[in-house]
Protein chains: 2
Amino acid sequence: MSSNFIPDIVVARLPRYLQALYQMEEEGKHSTSSQELGDRIGISAAQIRKDLSHFGEFGKQGTGYAIPYLVDQLQIILKVKQVWDIVVVGTGDLGHAIARFQGFANRGYRVAMVFDNDPRKIGGKVGQFIIQDMQNLIPMVQQAGIKIAMLTVPPAVAQSVAENLVRAQVCAILSYAPVPLHLPAHIKVEYIDPIIQLQHMTYYIG
Amino acid sequence: MSSNFIPDIVVARLPRYLQALYQMEEEGKHSTSSQELGDRIGISAAQIRKDLSHFGEFGKQGTGYAIPYLVDQLQIILKVKQVWDIVVVGTGDLGHAIARFQGFANRGYRVAMVFDNDPRKIGGKVGQFIIQDMQNLIPMVQQAGIKIAMLTVPPAVAQSVAENLVRAQVCAILSYAPVPLHLPAHIKVEYIDPIIQLQHMTYYIG
């Protein structure tokens, strides 16, 4: 495996390759080509070959990629051979949906703990989880060694909750709150905001 | 306004500028600079000035941007002065969360119609909406003139439902199903898949 610097834009594409390969496996396919993979996800075959070449040599000229092998290698690169525990903070409609989401299984993640600050919710259940008191977030998350959080709290409290997650040693946050978080540089933060994506599309229509 | 080709990557950043400006308005601010805007969203001041320069001259050297004016101009560019109707297809946990989501208001969108194919759900309510029968999707969406869809159906049916949306004259689809859709080139498609973003982050941790 090359130890060169890998551009983040390349890293960002690897999960999409892995997702498409899982889908091919479900369809019963055993091998594929960069052309076929690229057609599926709308990326050129040359780009896929170039992206993968950062990490090693995974296919053979003419015969393409053995899907189980490439899946295995991508799982290693993305560190999803292991299963990562996730803490969900906020149990509104969206937190509820995440806590009950079945799609994490076999993709490297599982929800492990759920928090809210609403006394009417604390102690109740969402999916299979008992809703924990936000006041206990720092010690509980730290003790459990959870490194990844999904944040579905209202925008006004997102920053302070995120800071508590960092104090609890969380190092990656996927936030659904539509506000930019300001956290230490070593913390990875990504956002999901459907409005941003809708506005991107409406620019082109109408 | 320049009629030059605008790179898509520039267009993709505009909604984030608009979001940050809304937040500044809520805080009672009246003007800002590319430096301040950039600090908020983690983009350089130079990049912001360059992006905005594709569309015109919005600020003054030394005094920066009048927020209401820049908001207004970005709303026009992104076509969100008007309110776009959205059709939501699929009323599982996630469709449910979207149909009840309060965050669309004032950002250019509103849910207008909700569909499912489950006979036990059809005719019932989700939020303020009566769940419509998927069999009526094409005529109902077409007649209502809805151009934007949010798709929260299971992956196995996402492609066929998306094709029906295209038949109904929808031209932008935001899909939560973790499968790539293959649609005519003029249809805008974006995806939301938390696993893709989680895997992107776990590459860097652990």
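The values are calculated or read from the model by the stated rules, or taken from the named source; none is laboratory data. Everything numeric in this text was worked out from a predicted model, so none of it was measured. Glycine also receives a Cβ, built like all others from the backbone with ideal geometry; neighbour counts cover every protein chain displayed. Each accessible area value is taken on the protein alone, full model and side chains, heavy atoms only, with ligands, DNA and RNA left out. Shrake-Rupley method; radii C 1.70, N 1.55, O 1.52, S 1.80 Å.
DSSP finds beta bridges in the protein assembly as shown, and of those with both partners inside it, around 20 percent are antiparallel.
Seen from A:Thr91, the other residues with C-beta closer than 13 Å to its C-beta sum to a net charge of -1, counting Lys and Arg as +1 and Asp and Glu as -1. Across the accessible surface of the protein assembly as shown, with the other protein chains kept in place and a 1.4 Å probe, carbon and sulfur atoms take up 51 percent.
Run the dipole for the stretch A:3-77 about the Cα centre, Lys and Arg Cβ at +1, Asp and Glu Cβ at -1, nothing else charged, and hand back the magnitude in debye, nearest 20. Kindly include the intermediate steps, with their values, before the conclusion.
Numbers: 7 positive and 9 negative charges, 40 e Å.
My answer is approximately 200 debye.
With a sphere of radius 14 Å drawn around the Cβ of B:Ala20, what net charge do the other residues whose Cβ falls strictly inside it have (Lys, Arg +1; Asp, Glu -1)? Computed value for this residue: -2. Each copy carries A:Arg100; placing its label point 7 Å along the C-beta direction from Cα gives inter-copy distances of 0.9 nm, listed from smallest up. Given +1 at the Cβ of Lys and Arg, -1 at the Cβ of Asp and Glu and no other charges, the dipole of the protein assembly as shown around its Cα centre is 20 debye to the nearest 20. In this structure A:His96 has an accessible area near 70 Å², from a 1.4 Å probe over the protein heavy atoms.
At 1.4 Å probe size, with every protein chain present, just tell me what the per residue accessible area of the protein assembly as shown comes to in Å².
Values: 19450 Å² over 412 residues.
Result: 47 Å² of accessible area for each residue.
Counting from the shortest, the label point at A:Ile76, 7 Å from Cα toward Cβ, is 5.6 nm from the same position in each remaining copy.
Taking each of A:Lys50/A:Lys81; B:Lys29/B:Lys50; B:Lys29/B:Lys60; A:Lys29/B:Lys188; A:Lys60/A:Lys81 in turn, the alpha-carbon distance tops 19 angstrom for A:Lys50/A:Lys81; B:Lys29/B:Lys50; A:Lys29/B:Lys188; A:Lys60/A:Lys81.
Principal axis extents of the Cα atoms in chain B, from largest to smallest and rounded to whole angstrom, are 62, 46, 35.
Largest first, how would A:Val157, A:Val88 line up by accessible area (1.4 Å probe)? Display every interim value, and only then the final one.
Values: A:Val157 55, A:Val88 0 Å².
The residues order as A:Val157, A:Val88, largest area first.
Taking every DSSP bridge with both residues inside chain B, close to 20 percent are antiparallel.
Of the residues A:Tyr204, B:Tyr65, B:Tyr203, A:Tyr17, the one with the largest accessible area comes first in the ranking A:Tyr204, B:Tyr203, B:Tyr65, A:Tyr17, computed with a 1.4 Å probe on protein heavy atoms. Heavy-atom accessible area buried between chains B and A is around 5600 Å² (1.4 Å probe, both sides summed). Please give the solvent-accessible surface of B:Asp118 in Å², to the nearest 10, using a probe radius of 1.4 Å with every protein chain present. Using a 1.4 Å probe on the heavy atoms, I get roughly 30 Å².
Using equal-weight Cα scatterers in the Debye expression, the normalised intensity of the protein assembly as shown in log10 at q = 0.10 Å⁻¹ is -0.76.
Restricting the trypsin sites (Lys or Arg not before Pro) of the stretch A:16-121 to loop positions (DSSP other than H, G, I, E, B) with no more than 15 neighbouring Cβ atoms within 10 Å leaves A:Lys29, A:Lys81, A:Arg120.
For the pair the stretch B:39-77 / the stretch B:134-187, the C-alpha centres are spaced 34 Å from each other. Mean sequence separation of contacting Cα pairs (under 8 Å, at least six apart), scaled by the length of chain A, corresponds to a relative contact order of 13 percent.
What does the charge count around A:Val10 come to, taking other residues whose C-beta lies under 10 Å from its C-beta (Lys +1, Arg +1, Asp -1, Glu -1)? Walk me through the numbers on the way to the answer.
Numbers: positive: A:Arg13, A:Lys50; negative: A:Asp8, A:Asp51.
Here the charged neighbours net out to 0.
With every protein chain in place and a 1.4 angstrom probe, the accessible-area ranking of A:Asp39, B:Asp51, largest first, reads A:Asp39, B:Asp51. Extending 7 Å from the Cα toward the beta-carbon at both A:Ile76 and B:Ala156 defines two label points whose distance is 3.4 nm. Plainly put, the tip 7 Å out from Cα toward Cβ on A:Gln143 is 5.9 nm from that tip on each other copy, the closest given first.
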